[in-house]
Ligand code: GRF
């Protein structure tokens, strides 16, 4: 594959620390891209302030304003297309996106998840890891497919689970790795020269 174009759309619902990691990586040259828009489904999301501080356009699309997931997805796609977005980064976006959205950006939607997938998909991944008693958890950045938290893996980083960890301390330690992993994965995607081989995201020969 040739390198894909470099306009990102970032979708958030909350504090936006992973958005900030992308902003910082662009600023210091680790990520060769620009963020065309940050969209939140929550009006008060802290990440919106981070985007505004970085001079990035923002939009709020409250999912409750649309009658169905399809309608909401269509509205999101319209907003992203209006800004010529090439790659969509889900960064703590707490809505599942549907087939209509995924088909609009083939192999160009990425998500960050705070566990080593396929372990502990879904909500509260850090609590799931603690409850299961694993000794190592971590972070996964993957392409988004219709199945939740199950698309081809671009980057993973392990994080040890310590004896006295709580959900909060483990989440904080994983978050440090998230902030390194997300820009790295997006840059890898933008670099092109990769293929999807079965489930594997790997270098093209
Ligand atoms: C992160 O833990 C991310 O992995 C998960 O949601 C959280 C978002 O945090 N998908 P932030 O809003 O980026 O700070």
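Look at (1) more than 11 Å from the ligand (Cβ to nearest atom); (2) farther than 30 Å from residue 165 by Cα and you find that residue 40 fails only one, number (1). Tell me whether segment 130-144 contains one or more residues that are within 16 Å of the chain's Cα centre (by Cα), free of Cβ contacts under 8 Å to residues at least 60 places away in the same chain, assigned to a loop (DSSP other than H, G, I, E, B) and over 18 Å from residue 17 (Cα atoms). Within segment 130-144, one or more residues are within 16 Å of the chain's Cα centre (by Cα), free of Cβ contacts under 8 Å to residues at least 60 places away in the same chain, assigned to a loop (DSSP other than H, G, I, E, B) and over 18 Å from residue 17 (Cα atoms). With respect to the conditions (1) in contact with a strand residue (DSSP E or B) (Cβ under 8 Å, 6 or more places away or on another chain); (2) more than 16 Å from the ligand (Cβ to nearest atom), residue 54 lacks only one, and its number is (2).
Can you tell which of 164, 149 is loosely packed, with under 14 Cβ neighbours inside 10 Å and not in a helix (DSSP H, G or I)? After applying the criteria, what remains is 164.
Please state which one of 15, 52 is within 16 Å of the chain's Cα centre (by Cα), over 24 Å from residue 190 (Cα atoms) and outside any strand (DSSP E or B).
Numbers: 52 fails: within 16 Å of the chain's Cα centre (by Cα).
Going through 15, 52 in turn, just one is within 16 Å of the chain's Cα centre (by Cα), over 24 Å from residue 190 (Cα atoms) and outside any strand (DSSP E or B): 15.
Looking across segment 18-37, the residues that are away from the ligand (no atom under 11 Å from the Cβ) and not in a loop (DSSP other than H, G, I, E, B) come down to 23, 24, 25, 26, 27, 34, 35, 36, 37. Here the condition is being touching a strand residue (DSSP E or B) at 6+ places or on another chain (Cβ under 9 Å) and outside any strand (DSSP E or B); of 84, 78, it holds for 84 alone. Taking segment 4-17 as the range and being within 12 Å of the ligand (Cβ to nearest atom) and touching a strand residue (DSSP E or B) at 6+ places or on another chain (Cβ under 7 Å) as the test, the residues that pass are 10, 11, 12, 13.
Given the criteria within 16 Å of the ligand (Cβ to nearest atom), touching a helix residue (DSSP H, G or I) at 6+ places or on another chain (Cβ under 9 Å) and in a loop (DSSP other than H, G, I, E, B), does residue 122 qualify?
Values: within 16 Å of the ligand (Cβ to nearest atom): yes; touching a helix residue (DSSP H, G or I) at 6+ places or on another chain (Cβ under 9 Å): yes; in a loop (DSSP other than H, G, I, E, B): yes.
It is true that residue 122 is within 16 Å of the ligand (Cβ to nearest atom), touching a helix residue (DSSP H, G or I) at 6+ places or on another chain (Cβ under 9 Å) and in a loop (DSSP other than H, G, I, E, B).
Bear in mind that the values in this text are calculations on the coordinates, not laboratory data. These figures come from a predicted structure and were not determined experimentally. Methodologically, a virtual Cβ is constructed for each residue, glycine included, from the backbone with ideal geometry; neighbour enumeration extends over all protein chains shown.
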